Amino acid sequence: MCNGGRVPSGVALLTGGAGYIGSHTAVELLCAGWDVVVVDDFSNASPVALERVARIAADHPGAGRLRHHRLDVTDTPALTRVLAEERVDAVVHFAGLKAVGESVEQPLRYYRVNVGGATSLLEAMAATGVRRLVFSSSATVYGEPATVPVDERAPLGPTNPYGRTKLIVEQVMRDVAAADERSRFVALRYFNPVGAHPSGLIGEDPEGVPNNLMPYIMQVAVGRRPRIRVFGDDYPTPDGTGIRDYIHVVDLALGHLAALEALDRLDPFTAVNLGTGQGSSVLEVIDAASRAVGRQLPYEVVGRRPGDVAAIWADPSLAHELLGWKATRTLDEMAADHWRWQSRNPQGYRGAPAG
Ligand code: UFG
């Protein structure tokens, strides 16, 4: 059930480690021999996810140990205590808010949680002498790209408050790293994470109506929603629908492991894209999901969603060069694994028996 299999590597603290990407990363780190300490306030995650993470890792000889603390990352004193008591070697910072539309309506909440959370964490790290950090950034920092694929030197210009919080945190990390050259900070700019662990035990569990394409499709597939809404088919793309770089969440998780293990060879601050380098249209994603589910899923074309770009995909070559990492899983695997999770957990973690 694990992909890794290396020597014990130290203690990694994962903020937001019970969430979608955090839980998958926890699995891969545990399997690679890291001890994992999750801090999460469970405001948008379930403790059941951590029980499932432990269950997956338990099947793996040599897996590290998993512990967790319920706390809010903006609570600097509590975070400082955990960093010291757990003798943390490196931090992976996932905790944060991530809904673009909500960030437009409630910008201050986004600045407080995302920017405030990161500065709180950096203060706690400074107080305890922890200097290794991997941060969940986003391709959203590029805004509307002038050319594709997008590499890390492309102009930065997020178009919403959520994206701006990610860019500000990158800037804060850059400044803190410049002030202490022993820092080893990496910002991972994710493209579009989808899929689930192949065990079907952990996966994405959005609250309310999903904002993102794949979870919406999968809720249609289990009958929670009548049909998929395709946001525009008049974009300048081959089939008229938006193109994105979908990346399997297990590949993304392995990207964090690669980043953690490369940190000491890198500059004080580095930003790296995590994507496959390949774009897929909305209709191609619906086709892949329909193949996974075994029937054509119903959809209707509605108007464009404000703020959406026509096409964006990554140039992921820097990640290969610096981290020795490459995504390997196909769109069909992403759809099949997402479907396994959703079909076995139609209501997500809600009501799921623990363990
Ligand atoms: N789409 C639909 N119907 C839906 C949802 C999405 O047609 O119900 C389309 C969108 O228009 C877009 C594509 O599917 O063309 C992907 O949309 P997502 O909402 O899944 O993903 P985005 O690329 O819009 O957003 C993602 C992350 C953000 C991040 C952004 C920038 O969710 O957090 O990438 O990289 F900011």
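The values are calculated or read from the model by the stated rules, or taken from the named source; none is laboratory data. Quick caveat: nothing in here was measured; it's all calculated off a predicted structure. Note that we place each Cβ from the backbone using ideal geometry, even for glycine, and neighbour counts take in every protein chain shown.
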For this session: Please indicate, with yes or no, whether at least one residue in the range 145-164 is surrounded by 17 or more Cβ atoms within 10 Å (Cβ to Cβ), more than 16 Å from the ligand (Cβ to nearest atom) and under 20 Å from the mean Cα position of the chain (by Cα).
Result: no
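Taking the conditions exactly as written (touching a residue at least 12 places away in the same chain (Cβ under 8 Å), under 17 Å from ALA139 (Cβ atoms) and among the β-branched types (Val, Ile, Thr)), does VAL285 satisfy them or not?
On the way: touching a residue at least 12 places away in the same chain (Cβ under 8 Å): yes; under 17 Å from ALA139 (Cβ atoms): yes; among the β-branched types (Val, Ile, Thr): yes.
Here the answer is yes, as VAL285 does meet what is asked.
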Seminar exercise, completed: Within the range 243-299, residues in contact with a strand residue (DSSP E or B) (Cβ under 7 Å, 6 or more places away or on another chain) and more than 16 Å from the ligand (Cβ to nearest atom) come out as HIS256, ALA259, LEU260, LEU263, ASP264, LEU266, PRO268, PHE269, THR270
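Quick test for you: out of GLY240, GLY203, pick the one residue that is within 14 Å of GLY348 (Cα to Cα) and more than 10 Å from the ligand (Cβ to nearest atom).
GLY203
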Exercise. Quick check, is GLY294 without any contact (Cβ under 8 Å) to a residue 24 or more places away in the chain and surrounded by fewer than 14 Cβ atoms within 10 Å (Cβ to Cβ)?
Worked result: yes
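Residue by residue, here is whether (1) hydroxyl-bearing (Ser, Thr, Tyr); (2) in a helix (DSSP H, G or I) holds:
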residue	(1), (2)
GLY307	no, no
LEU318	no, yes
LEU322	no, yes
ARG329	no, no
MET334	no, yes
SER343	yes, yes
Exercise. Hey, any hits in the range 199-211 for a residue that's at pLDDT 95 or above and in a strand (DSSP E or B)?
Worked result: no
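Every residue, every condition in (1) assigned to a helix (DSSP H, G or I); (2) within 16 Å of ASP332 (Cα to Cα); (3) touching a Gly at 6+ places or on another chain (Cβ under 6 Å), yes or no:
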site	(1), (2), (3)
ILE217	yes, yes, no
PRO226	no, no, no
ASP234	no, no, yes
THR237	no, no, no
ILE247	no, yes, yes
GLY255	yes, no, no
ASN273	no, no, no
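crowded, with 19+ Cβ neighbours inside 10 Å and hydrophobic (A, V, I, L, M, F, W, C), is that true of LEU331? Write out each step before concluding.
Details: crowded, with 19+ Cβ neighbours inside 10 Å: yes; hydrophobic (A, V, I, L, M, F, W, C): yes.
Against the criterion (crowded, with 19+ Cβ neighbours inside 10 Å and hydrophobic (A, V, I, L, M, F, W, C)), LEU331 qualifies.
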Seminar exercise, completed: Scanning the range 315-355 residue by residue, those touching a Gly at 6+ places or on another chain (Cβ under 6 Å) and more than 22 Å from GLY19 (Cβ to Cβ) turn out to be PRO316
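Among the residues of the range 172-195, write down those that are among the hydrophobic types (A, V, I, L, M, F, W, C), away from the ligand (no atom under 15 Å from the Cβ) and outside any helix (DSSP H, G or I).
PHE185, VAL186
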Seminar exercise, completed: Selection over the range 267-301 where residues are under 30 Å from SER183 (Cα atoms) and of a type in the set (D, E, K, R) yields a count of 1
